[in-house]
Amino acid sequence: MRETPTPPTPVTLPPGFREPHDYAGYLLQLAARLREDALEAHLAPLGLTVARGHILGVIRRLKACTMGELAFFTTIDRTTLTRIIDQFFAQGLVERHTPAGDRRKVTLSLTAKGRGLHQRGIAAIADINRQVFEGAPEGALDHALRQLQATIAAAVPDAKQREMLLTFSRGTEASD
């Protein structure tokens, strides 16, 4: 005979929160901030910040990308991105390429030095992610992932952009 699963106990909202979605938003922001603080501490010895590590990660993930793609995936404004990319270029971490057909379009890729730094950063990030989710009950992380995907899907009305963000890829065809 199969046992009927016990429904989860409802969360008691702290004073000041009227709706579960308000409390969920607060917890989501708090969890992201605490994780980011831990990441900053682990990335600092490498000379990286979370934002700089994220930039390297996006370029690595896409193999080569435009500034528009980089801004889309990092949600960092173009002025800040340009400054950081200029610094990365001066440090020998990125290369700029101009396609022959469109001299206005510049693509970015990581150098061997940039790939090495990214690899060291990924190891630090993986350590923090393991710590953050260690001890989660079986199935809880899958449930959380599904909920985060649904949250992002609800926040991004454009189907193509939603697909790109949820798959962390260009989707079918990306534009600058």
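Here are the numbers for this structure:
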item: Euclidean distance of C-alpha centroids, region 113-176 and region 73-112, integer Å; result: 22 Å
item: Charge tally in the Cβ shell below 15 Å around Phe168, where Lys, Arg are +1 and Asp, Glu are -1, Phe168 excluded; result: +4
item: Within-12-Å neighbourhood charge of Gln119 [Cβ basis; K, R +1; D, E -1]; result: +4
item: For the chain, built as a Gaussian network whose Cα springs stay under 10 Å, the top-fluctuating residue of Ala136, Ala44, Ala31; result: Ala136
item: Relative contact order (percent, whole number), region 89-176, Cα cutoff 8 Å, 6+ residue spacing; result: 14 percent
item: The chain, relative contact order in percent, only Cα pairs under 8 angstrom and at least six apart counted; result: 21 percent
item: Candidates Arg146, Arg60, Arg162: whichever shows maximal mean-square fluctuation once the chain is modelled as a Gaussian network with Cα springs under 10 Å; result: Arg146
item: Selection from Gln149, Gly47, Thr107 lying farthest towards where the dipole of the chain points positive, charges on Cβ; result: Thr107
item: Max mean-square fluctuation residue, GNM over the chain, Cα-Cα springs under 10 Å, options Phe89, Phe72, Phe133; result: Phe133
item: Estimated 222 nm signal from helices in the chain, with DSSP H stretches of n ≥ 4 weighted -39500 (n - 2.57), rounded to 500; result: -19500 deg cm²/dmol
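We did not get these values from a lab; they are worked out from the coordinates using the rules stated. Small disclaimer: the values here were computed from a predicted structure and weren't measured. Cβ sites come from the backbone with ideal geometry, for glycine too, and all protein chains shown count toward neighbours.
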